[in-house]
1. Would you please give the residues with an amide H less than 5 Å from that of T156, counting only those at least 5 places away or on a separate chain, with H modeled from the backbone geometry?
2. Can you give me the long-range amide H partners of G122? Hydrogens built in the peptide plane at 1.01 Å from N, cutoff under 5 Å, separation of 5 or more residues or another chain.
3. With r as the distance between the Cβ atoms of Q106 and T2 and R0 = 56 Å, compute the FRET efficiency 1/(1 + (r/R0)^6) and round to 0.05.
4. When the C-alpha atoms of the range 1-128 are aligned to their principal axes, what extent does each axis show, in angstrom, from largest down?
5. Would you mind ranking H76, H236, H171 by Cβ crowding within 10 Å, fewest neighbours first?
6. With θ taken as phi - 60° and the coefficients 6.51, -1.76 and 1.60, list the Karplus ³J(HN,Hα) couplings across the range 152-166 in order, rounded to whole Hz; mark glycine and proline as x.
7. Taking neighbour counts of Cβ atoms within 10 Å as a proxy for exposure, in what order, fewest first, do K232, K172 appear?
8. I'm checking a number: the convex hull volume of the Cα atoms of the range 142-196, normalised per residue, in Å³. What is it?
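Read-outs throughout are calculated quantities, based only on the coordinates presented, and are distinct from any laboratory measurement. None of the values given here were measured: they were computed from a predicted structure. In this analysis, Cβ positions are derived from the backbone assuming ideal geometry, glycine residues included, and neighbour counts consider all displayed protein chains.
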Amino acid sequence: MTFANPILLAVGLVVAAALAWAAVAVARRRATALAAAGVAAGGRRARLAGVWFTVAGISVLAIAAAGPAATVPVSHASGTVILDMDVSGSMAATDVAPSRLGAAKQAAQSFISAQPASVNIGVVAFEQGGLEAAIPSPDHTTASAAIGRLSTGGGTSLGSAILAALSAITHKTVSIAANGSAPDIGYWPSATIVLFSDGGDSGNSSASGGGAGGTGASTSAETAAAVAVAAKAGVHIDTVGVGTAAGTTVDVEGYHLFTGLDEATLKSISQTSGGTYHPASDASELNGIASSINLRLTVTNQPLPLAGAFIILALVLLAAGAVLTVARTGRVI
């Protein structure tokens, strides 16, 4: 238990102690006087009962005045969500109306609107290298504005995007060492990354990962390392596949490139990190993702004011003291 103003508690308890000492002193003098007069002093404890209830009431009232509070665990939907938005050139494809990026932006805005104020939302727009667009904040209007400003351009590095999101969660730079070793960033079970992408990955590949807008069946070495960091830290990655498997052709810096949805890469990322893959081929399906992503509950310790309970107890004790005093003496004072 903590007290907002312990000085008031000390003063109140000193007053209560003074009253108790005075009551005992008066009772002893009375008993001595009666004994000198040859009168038996009976019912002493009964006569003092009202006084002791009054002293107890004043003591409890002093505790109430000091602003007591207890710390109790409270569970609620809380934590950090990073919306990882792919803005590579392939996201300009129109196999999803109005475009892949347009559909992803609509879904992201719906997701933001569905979250309570206890959830801090950040935005990372990623090309190669990742770019943090809005730091995690309970002010969701900031995240919404950041989503609205996004436009396409550049390539896609899913690994860098995930590392940028982890940096936003931990508030420190997270990177893979030159020898490929993964850093220990601690444990962040209340953080979630929602990755909106068509799955194209231009990260350093040691497997069959495709280039931007490709259809590789496995993640690049860089992406695999980044996902391993997230999984070790307890950060789930929910992936949202934007586009169609049939794909389409898109103009990227004067080149006509075919781009299709790479579900294999996105499923691998979500499964490895303990998240979920959400297939989506049009805007209406994307809009339903906000209700399908489950944020984890967190438990925080919050102060519980106890002054009201102590005031009630003090009033009960003071009333009991007054009743006993009136019953024994016939006087209120």
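1. Hits under the 5 Å cutoff: S202, A212.
2. Amide H to amide H, under 5 Å and 5 or more residues apart or across chains, G122 pairs with V81, I82, L83, S137.
3. 0.75
4. Reported extents, whole Å, longest axis first: 110, 23, 15.
5. With the fewest neighbours first, H76, H236, H171 line up as H171, H76, H236.
6. So the J values, rounded to whole Hz, are 7, x, x, x, 10, 10, 5, x, 5, 5, 5, 5, 5, 5, 5.
7. Lowest to highest Cβ neighbour count: K172, K232.
8. Dividing the Cα hull volume of the range 142-196 by its residue count gives 116 Å³.
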